[in-house]
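The values are calculated or read from the model by the stated rules, or taken from the named source; none is laboratory data. Keep in mind that what you see is a predicted model, and the values were worked out from it rather than measured. When we count neighbours, we look across all protein chains shown, and the Cβ atoms used for this are built from the backbone with ideal geometry, even at glycine. Surface accessibility is based on the protein's heavy atoms, side chains included, excluding ligands, DNA and RNA. Shrake-Rupley method; radii C 1.70, N 1.55, O 1.52, S 1.80 Å.
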Amino acid sequence: MSTIEISKQYIVTGAEHSSTGKQLKWQQDGYFYKADRNGFESLSETLVSRLLQHSNIEAFAVYEPVMIGYKENTYRGCRSENFRKEKEEIVSLEHMAKKYTGFGLAQTLERIADVRERILYTAELVENVTGLQDFGVYLTKLLEVDAFFLNTGRDTENITLLYDTAQDQYCYCPVFDMGDALFSDTKESCPLEKGMVECYHSIKARPFSKTFDEQLNTANELYGSFLQFDISAKDMIDMVRDIINDRKDDVAYEPAEIRRIGEILRFQTRKYQKMFRQ
């Protein structure tokens, strides 16, 4: 695949479609583009979306790796099709809470000690403001995906809804922005020389608890369990290997980055065997 040249007029300066506000990102010709900033975010996005195709998650953004040319620089990155319809906006829960309560959701959650009460408060707020049904179920699916892929980027700015400005109506966003999954931050929190176990103990979940298991187990107790892959754990590992080995584009990833992903997914498939077809 040749390098995609991005015009400077298309740069997106807000945090839309990325959990990292400083990450370079663009919208051009019906696609969202993001450049790697701290590691192999684009590979994480690609693999997660490919693997979700073999799950019961119905709506998610599909990413592909690309090389991005911008202002005489070339970046490793990825792109996904724009899933917004005309006159739809992406609204974060953080923004929604500030608008309707006067306080940011993150600030409010800090004042609530119990993880269960944090989740219940969030679900009740969203349903009251938007009229959406079963937000707790939608939220639980997000937390299941995050726990399995170890996505540390799910803060209150990165739980979002779609708002139709013409119809004054909300709907659910597809699952997107998984660039902080799979220990992809090799620049700061998880350098490649750091062992997997050490990384495992150093990362923190968001936004209801600092541990993935606590917020996942709490959500499952409240709303049920949902995420299921229609392949076996072994099939997933084989599939990841094939996706990486069969790549025909120009985006190069280091062997150490690929090994890290293999180690993580082997561990996670053993830990979450109940999510897989036996």
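General observations
- The charge dipole of region 138-276, taken about the Cα centre with unit charges on the Cβ atoms of Lys, Arg (+1) and Asp, Glu (-1), comes to about 520 debye, rounded to the nearest 20.
- Anisotropy class of region 150-266 from Cα gyration tensor, a/c 1.5 cut: prolate
- For region 95-240, with all protein chains in place and a probe radius of 1.4 Å, 47% of the accessible heavy-atom surface sits on carbon or sulfur.
- Across region 44-95, the relative contact order, built from alpha-carbon pairs under 8 Å that are at least six residues apart, equals 27 percent.
- Semi-axis lengths, Å, the chain, gyration tensor of Cα atoms, sqrt of 5 times eigenvalues: 28, 25, 17
- Comparing Leu93, Val66, Leu143 along the charge dipole axis of region 59-173, the residue lying farthest to the positive side is Val66, per the Cβ-charge model.
- Of the residues Arg37, Arg259, Arg116, the one that moves most in a GNM of the chain with alpha-carbon contacts below 10 Å is Arg259.
- Each Lys and Arg adds +1 at its Cβ and each Asp and Glu adds -1 at its Cβ; summed about the Cα centre, the chain shows a dipole of about 460 debye.
- The residues packed around Lys271, meaning those with a beta-carbon under 13 Å from its beta-carbon, carry a net charge of 0 if Lys and Arg are +1 and Asp and Glu are -1.
- The alpha-carbon atoms of region 133-181 define a convex hull whose volume equals 76 cubic angstrom per residue.
- Solvent-accessible area per residue for the chain (1.4 angstrom probe, square angstrom): 48 Å²
- Filter on Lys34/Lys141; Lys34/Lys85; Lys34/Lys99; Lys98/Lys271; Lys25/Lys274; Lys87/Lys187 - keep pairs with C-alpha separation over 26 Å: Lys34/Lys99; Lys98/Lys271; Lys25/Lys274; Lys87/Lys187
- For region 27-154: rounded, prolate or oblate by the Cα gyration tensor [a/c cutoff 1.5]: prolate
- Shape of region 203-244, Cα gyration tensor, a/c cut at 1.5: oblate
- Summing charges over all other residues whose Cβ lies under 11 Å from the Cβ of Asp134, with Lys and Arg as +1 and Asp and Glu as -1, gives 0.
- GNM top mover of Asp29, Asp164, Asp180 - the chain, alpha-carbon springs below 10 Å: Asp29
- Taking all Cα pairs closer than 8 Å and separated by 6 or more residues, the relative contact order of the chain comes to 23 percent.
- Relative contact order of region 108-256, taken over Cα pairs closer than 8 Å and 6 or more residues apart, is 28 percent.
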